[in-house]
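A short worksheet on the structure shown next.
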Amino acid sequence: MVIDERSAAPRRTVAAQVGRRPGEGIGGTLALTGAALLATAILVTATVFSFTALAGGTGADLGGADTGPNCLTMPGSPDALRAGLSVEQASNAAIIVTAGQRMRVPSSGWVIAIATGLRASGLINRTAAAEDGTLGLFDQRPAQGWGTVDEIADPPHAAGAFYEALLRIDGWQAMAVAEASRTVRQSAGTDERFVAQARSMVAAFTGGNAGNDPACGQVTISATGWTRPVPGEVISGFRTRELPKHQGIDFAAARYTIIRAASAGTVVTAVCNIAGRFYPVAHTPSPCDTDGSPDIGGCGWYLEIQHSGDIVSRYCHLVRAPEVAIGQTVSAGQPIGLAGTSGHSSATHLHFEIHKGYPAEPHNATEPTAFLADQGVVLDH
Ligand SMILES: [Zn+2]
């Protein structure tokens with residue numbers, strides 16, 4: 001099924017584009033044409049769960065008018081996380097959040113862990129022990145049972161050990177953040193300055209509540225913190241004989257299917273790309289707000305997320321501007337946009353790329369199915 005011959009490979013992010021205000025662009029034209037409804041019906045079995053979830057359990061209105069504020073909320077401050085934080089700090093915050101998601105720790109626990117890490121290490125991982133024997137993100141000591149030096153120096157392990165200790169504390173959810181932090185560390189915990197910063201960072205990760213809200217559907221996160229972006233099957237492969245420049249894979253996805261972040265990271269691109277040009281989100285009306293065709297080039301409405309290790313994921317052909325903005329941090333499985341057919345596309349689907357390197361270029365694209373399998377996420381073909 002030829003859906004997408006090539007996607008745009010922008011050489012760099014449109015840095016000037018900052019993103020729209022919360023709520024802007026939500027609730028635009030949602031009426032489906034007869035043809036689109038037919039296409040939706042064909043694919044609806046694969047996505048009925050997500051539609052049920054997004055319609056608040058009623059399963060009504062496939063047009064997606066009830067995408068619901070709970071599932072696609074934007075944080076009030078898109079730059080809450082990156083403001084004043086280095087890439088390393090943001091990356092370590094993402095690791096702490098991912099570990100919390102994987103262990104099903106409520107987001108209030110993420111606040112405790114990040115606030116503790118901010119005070120202990122400034123979220124800069126220390127791989128060698130200090131004079132007092134502490135190292136890692138949380139100033140943990142091997143002698144206190146946090147693990148070996150190598151384990152503590154490994155941020156996912158350090159975060160996991162922190163959460164294990166937190167979950168052992170009776171009534172931790174009723175404690176003040178600083179008190180819970182102190183109890184876990186059995187020494188100095190954190191203070192209000194870091195608690196406030198940690199709260200705004202976690203809010204940036206969750207978009208207020210998305211990702212944790214049962215109404216938005218349950219998402220399975222792998223042990224390494226990855227998940228599939230949409231529930232549909234893969235209908236077109238990576239660099240096939242027919243499409244050697246196809247730098248990603250295509251998922252079957254009905255219009256308005258919720259697209260989720262494949263892993264935690266920072267949004268680095270959110271833009272309209274059509275016929276060789278880029279239009280920022282603020283450019284209205286946008287040429288990407290109408291369905292594309294195989295005769296024009298471009299990713300249409302698309303976004304990119306930079307993950308730890310400089311892995312980049314790319315999501316193309318959205319029905320409207322992404323629900324997240326450049327600079328915003330997202331958690332694995334967080335809703336980031338809605339599927340469509342903008343740009344170089346003949347039918348509604350999700351074009352998905354993985355790049356090993358930042359910025360994403362054609363030469364560093366890798367086969368997403370194998371990449372995700374290595375992360376414990378198995379796709380259907
Ligand atoms: Zn494609």
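What to note about this one:
- The stretch 96-117, subset under 13 Å from Ala180 (Cβ atoms) and among the polar types (S, T, N, Q), residue surrounded by the fewest Cβ atoms within 10 Å (Cβ to Cβ): Ser108
- Given (1) at pLDDT 90 or above; (2) surrounded by fewer than 20 Cβ atoms within 10 Å (Cβ to Cβ); (3) touching a helix residue (DSSP H, G or I) at 6+ places or on another chain (Cβ under 8 Å); (4) outside any helix (DSSP H, G or I), number of the condition Phe138 does not satisfy: (2)
- Members of the stretch 118-132 found to be under 16 Å from Gln186 (Cβ atoms) and surrounded by 16 or more Cβ atoms within 10 Å (Cβ to Cβ), listed by number: Arg119, Ala120
- For the stretch 340-366, the tally of residues that are out of contact with any strand residue (DSSP E or B) (no Cβ under 8 Å at 6 or more places or on another chain) and in a loop (DSSP other than H, G, I, E, B) stands at 2.
- When the strands (runs of 3 or more DSSP E) confined to the stretch 270-339 are screened for residues that are within 16 Å of the ligand (Cβ to nearest atom), those reaching at least 3 such residues are found at 300-306, 311-318.
- Qualifying residue in the stretch 236-249 (condition: more than 15 Å from the ligand (Cβ to nearest atom), surrounded by 19 or more Cβ atoms within 10 Å (Cβ to Cβ) and among the small types (Gly, Ala, Ser)): no
- Criterion violated by Thr369 - all others in (1) assigned to a helix (DSSP H, G or I); (2) not assigned by TED's automatic domain parsing to the domain that holds Asp289 satisfied: (2)
- Identity of the residue in the stretch 250-264, outside any loop (DSSP other than H, G, I, E, B) and modelled with pLDDT of 90 or more, that ends up farthest from the ligand (Cβ to nearest atom): Ser263
- Of all residues in the stretch 340-369, those satisfying the criterion of being of a type outside the set (Asp, Glu), surrounded by fewer than 23 Cβ atoms within 10 Å (Cβ to Cβ) and away from the ligand (no atom under 14 Å from the Cβ) are Lys356, Gly357, Tyr358, Pro359, His363, Asn364, Thr366.
The values are calculated or read from the model by the stated rules, or taken from the named source; none is laboratory data. Values in this document were obtained by computation on a predicted structure and should not be read as measured data. No Cβ is skipped: glycine too gets one built from the backbone with ideal geometry, and neighbour counts run over all protein chains shown.
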